[in-house]
Amino acid sequence: MIIKSKPLSPFLFKCVAGFIGLFLKRRFNKLIINKIAIRPGHSYILMCNHFGFLDGLLAIYLCNNAIWKKNGMKRLYIMSLKKQMEKNKWLRYCGSFSVEPGKRSIHESFEYAAEVLSEPGNLLLFYPQGKLESAHVRHIKFEEGLLEIVPKIKGDTQLIWSSNLIEYFESIKPSIHFNMLDCGTNHDFNFEQLQKQINKHHLNSIKRNIRYTIEPVR
C-alpha cells in the first residue's frame, strides 16, 4: 500500500516557496531561468536532472517563478521513496507520495500519479533518471516510470523538462541556470523521442552554460 500525499494549499505553497527563494538567493550568485510558455488549463509533469541534495528546493523555486500562473499550476506532488517517507513523516504534508521500485505497489503509485495528473493545475515533480548523477553527464538514461504513468492520464498534461546546471566562474558563490524545455503534451507522448529530445537539449544547455570546449576525437 502506498502512502498518499496531502499537498500544500496554494497559500502555504507560496509561503514555503518564498522562504526557499530567500534561502537560495543568499546561497547562489545568480538564479537564471530560461522560461517557456506554460499551457493554461493543463496539469504538468516537471522533469529535472537529479544531481544533489538541493534538487527539491530548486524545483520548488522553478515552479514558483516559472510555472505557477493564473489558470496554471495550483498544487505540487512529488514521487518519493517509501523508506524516505517512513523516516520523514513530514514529506507527506509537502505533497510527497510513496513509490517502492521492484515492489507490486509500484503500479499503485503509477495509478495514483496518473489520477493526480488528471486534474488541471496539479504538478508532478519527477526525476526520470531514478538516481543521483552529476549534472554534467552527457547522456541521461530514463527509467520507465513515465511510460507507465503518461498513457493513464485522463485530460491534458504538459510535459516540461529543466536541465539545471551549476557553475562558479568568477564568483565565490555558484550560479544556477534552469534550462526549460516544452516537451509537448500527453497526447503526443513518445517515450523514445522524448529521451532524444531531452538529451539533445541537455547537451546544448551544457554547451551554452559552462563555456563548453569541443573535445578532440582521440
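The values are calculated or read from the model by the stated rules, or taken from the named source; none is laboratory data. For clarity, every value in this text was computed on a predicted model and none was experimentally measured. Glycine gets a Cβ as well: all are built from the backbone with ideal geometry, and neighbour counts include every protein chain shown. Accessible surface is based on the protein model in full, side chains and every heavy atom, while ligands, DNA and RNA are left aside. Shrake-Rupley method; radii C 1.70, N 1.55, O 1.52, S 1.80 Å.
With the requirement that a residue be aliphatic (A, V, I, L, M) and out of contact with any Phe, Trp or Tyr (no Cβ under 8 Å at 6 or more places or on another chain), what does region 118-157 give you?
Val137, Ile140, Ile153
Residue check, Ile214 against (1) of a type in the set (A, V, I, L, M); (2) at pLDDT 95 or above; (3) exposed (fewer than 12 other Cβ atoms within 10 Å of the Cβ), all met but one. Which one?
(2)
One line per residue, one yes/no per condition, for (1) in contact with an Asp or Glu (Cβ under 9 Å, 6 or more places away or on another chain); (2) of a type in the set (Asp, Glu); (3) farther than 21 Å from Leu117 by Cα; (4) open to solvent by less than 60 Å² (accessible area, probe 1.4 Å):
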{"site": "Ser9", "(1), (2), (3), (4)": "no, no, no, yes"}
{"site": "Phe13", "(1), (2), (3), (4)": "no, no, no, yes"}
{"site": "Ile33", "(1), (2), (3), (4)": "no, no, yes, yes"}
{"site": "Asn49", "(1), (2), (3), (4)": "yes, no, no, yes"}
{"site": "Leu54", "(1), (2), (3), (4)": "no, no, yes, yes"}
{"site": "Leu58", "(1), (2), (3), (4)": "no, no, yes, yes"}
{"site": "Tyr61", "(1), (2), (3), (4)": "no, no, no, yes"}
{"site": "Lys69", "(1), (2), (3), (4)": "no, no, no, no"}
{"site": "Tyr93", "(1), (2), (3), (4)": "no, no, no, no"}
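What residue, among those in region 69-88 that are more than 14 Å from the chain's Cα centre (by Cα) and hydrophobic (A, V, I, L, M, F, W, C), is farthest from Asn179 (Cα to Cα)? Let's see the steps before the verdict.
First, pick out the residues of region 69-88 that are more than 14 Å from the chain's Cα centre (by Cα): 69-72, 74, 81-88.
Subset that is hydrophobic (A, V, I, L, M, F, W, C): 81, 85.
Details: Leu81: 26, Met85: 29 Å.
Within region 69-88, the match that is farthest from Asn179 (Cα to Cα) is Met85.
Return a yes/no flag: does region 136-148 have any residue that is assigned to a loop (DSSP other than H, G, I, E, B), more than 18 Å from the chain's Cα centre (by Cα) and over 29 Å from Leu24 (Cα atoms).
Scanning region 136-148, I find no residue that is assigned to a loop (DSSP other than H, G, I, E, B), more than 18 Å from the chain's Cα centre (by Cα) and over 29 Å from Leu24 (Cα atoms), so the answer is no.
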